[in-house]
Amino acid sequence: AVSDERGRILAREETPASASGEVAAVLALPDAPLWSPEEPRLLTASATLLRGGEALDRVETRFGLREIEIRGNRFYLNGNRLFLRGYGDDSVYPETLAPPTDRQVYLRRLRLAKSYGFNFVRHHSHFLPDEYYDACDEVGMLVQPELPNAYQFYWDRAVGPALDLYRQEWEAAVRRYRNHPSIFDWCMGNEGYPSLAPELYRIARELDPTR
């Protein structure tokens, strides 16, 4: 089932499992609200595993619906022209050293940035915990995550297992975070052109054609 922020059910379907145990369902949401930085409207998808009417397991996830387009040299979000007003985040956390996993910390930081007029943030060569992207969805902040690699110097020296690690991390990040409407684009690195660029581009386009 899919519900809106008030708990109103927008669509529901019961689907029997296949012989292999897999379940696939497609729900139409013609009246669902769209997500944007000005109105970060979120939906909740819930799936319950039933056997003989008894609930065995249940999972919920929040998501948002929006469409990003490029027309010439202009961005459009949900059909409206979008101007990015962004700032850079270099993962500086003097109190915790590593990025925290407290969503409230990120909500306070992002709301402050929104109050200054920002609607976009670019992260210098790092991904953040799930709690951060949840906060971006909720506050309405577009975000650019980057594969943790900076400068051509390092790309030119990456061979063998290092290249395999980049592929694995890139694919895992796209799979993990692609459901967040706040993610504007995927960036494969900073200040350099990796030899893997065509392959990383292909992976991202196959796993997430919406960006």
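Over every Cα atom in region 66-187, the radius of gyration and the widest Cα-Cα span, Dmax, amount to 15.6, 46 Å. Note on the chain: with a GNM built from Cα contacts shorter than 10 Å, the maximum mean-square fluctuation among L200, L142, L50 falls on L50.
Are there trypsin sites (Lys or Arg not before Pro) in region 66-146 that DSSP marks as loop and that have at most 15 other Cβ atoms within 10 Å, and which are they?
Numbers: sites: R66, R71, R74, R81, R85, R103, R108, R109, R111, K114, R122; in loops: R66, R85.
When the trypsin sites (Lys or Arg not before Pro) of region 66-146 are filtered for loop state and at most 15 Cβ neighbours within 10 Å, R85 remain.
When nucleic acids and ligands are ignored and a 1.4 Å probe is applied, E169 ends up with an accessible area of around 90 Å². At an R0 of 41 angstrom, the distance between the Cβ atoms of S115 and D156 translates into a FRET efficiency of 0.45. Ligands, DNA and RNA aside, V23 has an accessible area near 90 Å² when probed at 1.4 Å. Projected onto their three principal axes, the Cα atoms of region 26-103 cover extents of 53, 41, 19 Å, largest first.
Computed with a 1.4 Å probe on the full set of protein chains, the accessible area for D156 sits at about 100 Å².
Arrange the residues C136, C187 by how much accessible surface each exposes, largest first, with a 1.4 angstrom probe. Mind showing how you got there, number by number?
Numbers: C136 0, C187 30 Å².
Greatest to least solvent exposure: C187, C136.
Each part reduced to its alpha carbon centroid, region 39-65 and region 140-167 end up 33 Å apart.
Note on V26 and A45: their simple-model spin labels are 1.4 nm apart, each label 7 Å out from Cα toward Cβ.
Using just the alpha carbons, could you tell me how many Å³ per residue the convex hull of the chain encloses?
Numbers: hull volume 37.0 nm³, N = 211.
Spelled out: Cα convex hull of the chain, divided by residues, is 175 Å³.
Residue farthest toward the positive end of the dipole of the chain, with Cβ of Lys/Arg at +1 and Asp/Glu at -1: which of M141, P99, I9? Result: M141, furthest along the dipole toward the positive end.
Surface composition of region 113-211: carbon plus sulfur atoms hold 54% of the accessible area, using a 1.4 angstrom probe and ignoring ligands, DNA and RNA.
Relative contact order of the chain: 16 percent, from C-alpha pairs under 8 Å at least 6 residues apart in sequence. Taking Cα atoms only, the orientation of helix 103-115 departs from the longest principal axis of the chain by about 70 degrees.
Place a +1 charge on the Cβ of each Lys and Arg in region 49-147 and a -1 charge on the Cβ of each Asp and Glu, then give the dipole magnitude about the Cα centre in debye, rounded to the nearest 20. Mind showing how you got there, number by number?
Values: 14 positive and 15 negative charges, 121 e Å.
Taking the Cα centre of region 49-147 as origin, the dipole is about 580 debye.
Per-residue ellipticity at 222 nm from helix content only, as computed over the chain with -39500 (n - 2.57) for each DSSP H run of at least four residues, stands at -8500 deg cm²/dmol. Each label was represented as a point 7 Å from its Cα along the Cα-to-Cβ direction; for Q168 and T61 these points are 2.2 nm apart.
The values are calculated or read from the model by the stated rules, or taken from the named source; none is laboratory data. Remember, predicted model here, so these are calculated numbers, not experimental data. For neighbour counting, all protein chains shown are included, and Cβ atoms are generated from backbone atoms with ideal geometry for every residue, glycine included. Heads up: the accessible areas ignore ligands, DNA and RNA and are worked out on the full protein's heavy atoms, side chains in. Shrake-Rupley method; radii C 1.70, N 1.55, O 1.52, S 1.80 Å.
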